[in-house]
Amino acid sequence: MTTTAIASIVIFALLFLIVLVVISIYNALVRLRNQVDNAWSQIDVQLKRRHDLIPNLVETARGYMKHERETFEAITKARSAAMGARTVSEAGQAEGQLADALSKFMLVVENYPDLKANQNFLALQEELTGTENKIAFARQNYNDQVLFYNNRTQMFPSSVVAGMFAFTKRDFFEVETAAEREAPKVSFA
Amino acid sequence: MWELIQANKRDSVLLMVLMALVLLTLGVVIGLAVVGPQGGLIGVGIAVAVWLLLTLISFSSGDQILLAASGARPVTHEVHPQLFNVVEEMKIAAGLPAMPKIYIINDPAPNAFATGRSPKSASIAVTAGLLGRLNRDELQGVVAHEMSHILHRDILYVTLAGVMLGGVVLISQIFFRGMFRGSLGFNRRYSSDSRGGGQAQLVIAVVAVLAAILAPLMARLLYFALSRRREYLADAGAARLTRYPEGLASALEKIATDPAPQLAAANDATAPLYIVNPFKKRGKMDLSAWTSTHPPIAERIHILRSMSQGASYKDYAQAFAAVSRSRNPVPLAAITKEQVAIRQAQAEPTRQEKTQKQARQIGDIMRKVNGFRFLTCACGLKIKVPPDFKAPAVECPRCRRTLPLATAASGPA
């Protein structure tokens, strides 16, 4: 009687311990997955900020750059394409084109010393550099979080829990175009 | 990353416990020496009370005290947009839950520090000299170093440990003053009480004096050893966040060779916070290897520049092993398998500007912090209007044009 009682207590204690461990691993996985989702939404926030910045930039620069209509058109078109994108792949492509157009614009600016001396434009240029960097760092952070999450879902004790509750592997955010691989080289005097 | 934070937290708690033990030992020995056999408990009581009080103060408002003591002033986005952008970039790269509060210290010596309770309530302070001298990549490196302190949870523990050190020094100083004045009845009552007890009392008194001399030294060594390791770790973190170790390396080089006089508002309690030791060579202190709060700056630069393979913690640990013979600061648990490529420079290599122009920039930043308004006249002259200038318009001293002062652009109250 007493031995069976002890045995059952031990078994219950062990089961209880296992349940505790599973719960803590489950919670850690949820935390990591939320961080991945949050990092993804950060990228969106920064892309929106880039869209908001462009009309101002174009307005300020247009007065100085009379002969660059094509450059402005490319930027405006890429912006509306990016804003109207429905799917993730569409958005990725459009954002890639927008980044290309902006980096081309920044190269052309070098030919307009008056524009480069304009205080408003300098402030906008800093905002644009900041936004491009924020997009790049948001992406970097997303990939970091995906790495931590994927590592956890594949390593031993937590991989069992991940399998039980369908924590699937996430994909890294790969850059789309060659130009996207490098943030536009913006120089500021 | 999570593992690194855990290892760092463990070390910090260990430091706090060791500090508390030093404080308690000091309390017991001094209590025994001053009051007698029953004085041990009193000493413990006082030591615990002092420890609790100091911990409470530093938890509730330690960051505000440190910021005020350093002369740091909160600034708005308009004062220095680039600083705000760079801090936000690093906040995003580090995945912090909230934007740190930003402060500027009006001092031409380039330096920076971070403080606060947690990543949710952190502050970053940089000097005007730093903003004037560094280019964007370098500023990013420095901000990333401070962001790593926040991310690694260094900020709270440095504050707490600093307060603990202050407590140990305070108690031993009170003991010495009491002893020399004889007002605490030290060693007199007992020599007349009994002959046998007098001998033991003398031994305890000698031990107490030794403890009072050694305890602050021990506490300082413990504090400094850990704070140096944290500097290396924050450098590693900065390289990983920016993916560009050269930015921080070049910033450290500029800070080390800067001609400006040393930071005016730095003291012993705040010195370990800064990215680079704010005290320049003071001549008499030559125990630098033992008591310095910061690793030698040339070594830090050399390690960062040796990171040719990538920008991960593992790459930093490898570079560290190749350069320095001290114990590797990166805990093995932090080293996860990851490929972290180094990116290209974004800012122009180095602005070879004249020191005069840099000094003017630093002056402008300091004026903005002080609430000056800036007007650019049509003739190209930049007019700096002090905050207490109340007239509605100002006349340009070069071309005699009258410029209206926009009321919206007024500085902080």
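Observations on the model:
- Karplus-derived HN-Hα couplings along region B:228-234 (A = 6.51, B = -1.76, C = 1.60, θ = phi - 60°), whole Hz, x at Gly and Pro: 5, 4, 5, 5, 4, 4, 5
- Interface burial in region B:135-162, defined as at least 20 Å² less accessible area with all protein chains than with the chain alone at a 1.4 Å probe, covers B:Arg136.
- Environment charge at A:Arg50 (Cβ cut-off 12 Å; Lys +1, Arg +1, Asp -1, Glu -1): -1
- Averaging 1/r over each pair of different alpha-carbon atoms in region A:1-88 and inverting the result gives 18.5 Å, the Kirkwood hydrodynamic radius.
- Here the Kirkwood formula puts the hydrodynamic radius of region B:63-179 at 15.1 Å, using every distinct Cα pair.
- The mean number of Cβ atoms from other chains found within 10 Å of a Cβ in peptide A:137-145 is 5, as a whole number.
- Peptide B:78-88 shows a mean partner chain C-beta count of 3 within 10 Å per residue C-beta.
- When peptides B:43-49, A:133-139, B:27-33, A:83-89 are ranked by their average number of other Cβ atoms within 10 Å per residue, the highest-first order is B:27-33, A:133-139, B:43-49, A:83-89.
- Mean per-residue shielding of peptide B:50-58 is 0, counting Cβ atoms of other chains within 10 Å of each Cβ.
- Pairs from the list B:Lys9/B:Lys101; B:Lys9/B:Lys120; A:Lys116/B:Lys382 with a Cα-Cα gap above 19 Å: B:Lys9/B:Lys101.
- Cut-off under 5 Å, modelled amide H: who pairs with B:Arg243 long-range: none
- Taking amide hydrogens as placed 1.01 Å from N in the peptide plane, the amide H of B:Arg73 sits under 5 Å from those of B:Ile104, B:Ile105, B:Asn106, each at least 5 positions away in sequence or on another chain.
- Net length available on complete extension from A:Asn151 to A:Met83 is 21.1 nm, with 0.36 nm assigned per residue and the Cα-Cα distance removed.
- Rg/Rh for chain A (Cα atoms only, Rh after Kirkwood) is 1.27.
- Rounded to the nearest Hz, the phi-derived 3J(HN,Hα) couplings of region B:370-375 under the Karplus curve 6.51 cos²θ - 1.76 cosθ + 1.60 (θ = phi - 60°) are 7, x, 5, 9, 10, 10, where x marks glycine and proline.
The values are calculated or read from the model by the stated rules, or taken from the named source; none is laboratory data. Given the structure is predicted, the values throughout are model-derived calculations rather than measurements. Positions of Cβ are generated from backbone atoms using ideal geometry, with glycine treated the same way; all protein chains shown enter the neighbour counts. All accessible areas refer to the heavy atoms of the entire protein, side chains included, with ligands and DNA or RNA removed. Shrake-Rupley method; radii C 1.70, N 1.55, O 1.52, S 1.80 Å.
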